[in-house]
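Report on the structure given below.
The values are calculated or read from the model by the stated rules, or taken from the named source; none is laboratory data. Source: prediction; values computed, not measured. Please note: Cβ atoms are built from the backbone with ideal geometry, for glycine as well, and neighbour counts cover all protein chains shown.
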Amino acid sequence: MTYVMAIDQGTTSSRAILFDKNLNIAAVAQKEFPQHYPASGWVEHDPEDLWSTVVETARDVMQTQGVTASDIAAIGITNQRETTVVWDKATGQPLHNAIVWQDRRTADYCALMKDAHEDLVTETTGLLFDPYFSSTKLKWILDQTPGARDRAAQGQVLFGTVDSYLIWRMTGGAAHVTDATNAARTMLYDIHKGAWSEQICKMLNIPPAMLPQVKDCAAEFGTTDLLGGQTPILGVAGDQQAATVGQACFDAGMLKSTYGTGCFALLNTGDTPVRSTNRLLTTIGYQLNGQPTYALEGSIFIAGAVVQWLRDGLKIIRDAGETQALAEASDPGQPVIIVPAFTGLGAPYWHPDCRGAVYGLSRNSGPAELARAALESVGYQTRDLLEAMQADGAGGGDAVLRVDGGMTASNYTMQFLSDILGAPVDRPRVLETTALGAAWLAGMQAGVYPDQAGFAQSWALERRFEPTMDSADRDAKYARWKKAVTATLAV
């Protein structure tokens, strides 16, 4: 039996998934790793935790299925984007913990630079001058580590997003590479020219010698003996772009939204990079055969993480699955709203300094009302994104939304999402679309899986959620949400 392995290195866990020759999931292994919060708004990972959990899950999933390296045609990698790793080329030792995409330590620097330089950044990279992206995290590490910048200029210190770091480790240092989708999230990559921007590197004092080579999403990224033989790495895409591929959103106008730790909606805009006037991001959706396909993206920092907060912070649930029953049992007469700005607000607000808030509490508010508000916050934030896309003239207003990610297992959440959007929401039969996208890229490159057209035909619907909420109720609820966000931004 022939398999393709997808390595899905996420924000809170690493997973390895084996897909068979028919793109069915054969086995899954997953392992969580610690989060580090050294200061308010700071989020870090130990790079060794990222590496060790990838190794462990890759070997575990093989053992579970009883396969050897000779059974695996290729490896595809998908990863948490923007997270920044800097390491010594000779020793492989990181110079600092990985600075996670959620981290806000460079917010003050970004605020200082925004007025003078954001137009250049947006025109070149499609992004905003925000601490979310890799470049200012990289600058911070170089600033804080004596001698690092000089050594980087000599090629002795390397930078990479998580995919690049993993590939470097997997190939024993033979390959310092990334793909176009991850490069597009660094705020250093010219998405129009398909090259690192010398001008932005100079502005941030980042030596170009430390940057990886950029490849298509389906390409030869190197070979690894991690699995016990020589296995090629043939597919790479950042997690949200991999989910776009996994949802087969190959036509302009198709829209997907992934609900993991955060929430990310991507609208395929074809070969045209649409510049947003509503503070959405222009990015590369995927790149094949040297041709980028662009997307308009809205990024929400906190989605599934608000449920983790109910579990780990408030300790009112033991498992995420409990939230649906609580929400269904809540008092509809208590319109509690949670604005989960734990690490600031993303699109379309881009306010890194504001923090979360709860509105509408009464003496009778309890776990059920908080659970409902947590789940509904995801729907409200998604509507923010789709309204911005519609205002940009890029569609999104009447499109069918394809959804994936852990939160989509909640029927309550998906029904509310459809209700508050006033649009159909399609949940696919295979929810592991991020890993599926990475697996298809690698398997297609290896000749195991069909081309785009064949893969698109294999996409299968599990359930469509249709809106049932009265339009007046929908508008009243959304108005309360907007009022709560305005109040949160004012603090």
* Could you check, for the stretch 162-175, whether at least one of its residues is buried (at least 24 other Cβ atoms within 10 Å of the Cβ), of a type in the set (Ser, Thr, Tyr), at pLDDT 95 or above and not in a helix (DSSP H, G or I)? => no
* Would you check which residues across the stretch 398-437 are within 20 Å of MET469 (Cα to Cα) and among the polar types (S, T, N, Q) and list them? => THR408, SER410, ASN411, THR413, GLN415, SER418
* **Members of the stretch 424-438 found to be in contact with a helix residue (DSSP H, G or I) (Cβ under 7 Å, 6 or more places away or on another chain) and among the small types (Gly, Ala, Ser), listed by number** => GLY437, ALA438
* Only one of LYS215, LYS256, LYS193 that is of a type in the set (Lys, Arg) and farther than 29 Å from ILE17 by Cβ -> LYS193
* To do: Please state which one of ALA487, ALA438 is within 23 Å of LEU18 (Cβ to Cβ) and either touching a residue at least 24 places away in the same chain (Cβ under 8 Å) or polar (S, T, N, Q) (or both).
  => ALA438
* Can you name the condition, by its number, that LYS137 falls short on among (1) of a type outside the set (A, V, I, L, M, F, W, C); (2) touching a residue at least 24 places away in the same chain (Cβ under 8 Å); (3) farther than 21 Å from THR78 by Cα; (4) in a helix (DSSP H, G or I)? -> (3)
* Structure fact -> Only one of ASN79, ASN97 is over 18 Å from ILE233 (Cβ atoms), at pLDDT 95 or above, touching a helix residue (DSSP H, G or I) at 6+ places or on another chain (Cβ under 8 Å) and not small (Gly, Ala, Ser), namely ASN97
* Asked: Take the residues of the stretch 325-354 that are more than 25 Å from the chain's Cα centre (by Cα) and acidic (Asp, Glu): which is surrounded by the most Cβ atoms within 10 Å (Cβ to Cβ)?
  -> ASP331
* Looking only at the stretch 355-375, and only at residues there that are buried (at least 24 other Cβ atoms within 10 Å of the Cβ) and free of Cβ contacts under 8 Å to residues at least 60 places away in the same chain, the one that is farthest from LEU345 (Cα to Cα) -> GLU369
* Structure fact -> Residue set SER70, SER52; condition of a type in the set (Gly, Ala, Ser) and either part of a loop (DSSP other than H, G, I, E, B) or at pLDDT below 95 (or both); output residue SER70
* **Hits in the stretch 57-68 - residues which are within 28 Å of THR12 (Cβ to Cβ) and not acidic (Asp, Glu)** => THR57, ALA58, ARG59, VAL61, MET62, GLN63, THR64, GLN65, VAL67
* In the stretch 441-454, what residues are buried (at least 16 other Cβ atoms within 10 Å of the Cβ) and either without any contact (Cβ under 8 Å) to a residue 24 or more places away in the chain or more than 24 Å from the chain's Cα centre (by Cα) (or both)? -> ALA446, VAL448, TYR449
* Structure fact -> Within the stretch 388-399, the count of residues that are outside any helix (DSSP H, G or I), out of contact with any strand residue (DSSP E or B) (no Cβ under 8 Å at 6 or more places or on another chain) and either under 13 Å from GLN324 (Cβ atoms) or at pLDDT 80 or above (or both) comes to 0
* To do: Please go through the stretch 187-229 and pick out each residue that is under 24 Å from the mean Cα position of the chain (by Cα), in a strand (DSSP E or B) and touching a residue at least 40 places away in the same chain (Cβ under 8 Å).
  => TYR189, ASP190, ALA218
* Asked: From the list ALA16, ALA26, which one is farther than 30 Å from PHE301 by Cα, in a strand (DSSP E or B) and either in contact with a helix residue (DSSP H, G or I) (Cβ under 6 Å, 6 or more places away or on another chain) or polar (S, T, N, Q) (or both)?
  -> ALA26
* Mind checking which residues of the stretch 58-105 are touching an Asp or Glu at 6+ places or on another chain (Cβ under 9 Å) and either surrounded by fewer than 24 Cβ atoms within 10 Å (Cβ to Cβ) or not assigned by TED's automatic domain parsing to the domain that holds ILE233 (or both)? -> MET62, GLN65, ALA69, PRO94, LEU95, HIS96, ASN97, VAL100, ARG104
* **Counted residues, the stretch 455-483 - those being among the small types (Gly, Ala, Ser), surrounded by 10 or more Cβ atoms within 10 Å (Cβ to Cβ) and under 26 Å from the mean Cα position of the chain (by Cα)** => 2
* Residues of the stretch 332-354 satisfying the condition of being touching a helix residue (DSSP H, G or I) at 6+ places or on another chain (Cβ under 8 Å) and assigned to a loop (DSSP other than H, G, I, E, B) -> GLN334, PRO335, VAL336, PRO340, ALA341, ALA347, PRO348, TYR349, PRO352, ASP353, CYS354
* Asked: When you go through GLN308, GLN381, GLN415 one by one, which is the residue that is farther than 25 Å from TRP101 by Cα and either in contact with a strand residue (DSSP E or B) (Cβ under 6 Å, 6 or more places away or on another chain) or not charged (D, E, K, R) (or both)?
  -> GLN415
* **Failed item, numbered, when THR433 is tested on (1) closer than 30 Å to GLY360 by Cβ; (2) in contact with an Asp or Glu (Cβ under 6 Å, 6 or more places away or on another chain)** => (1)
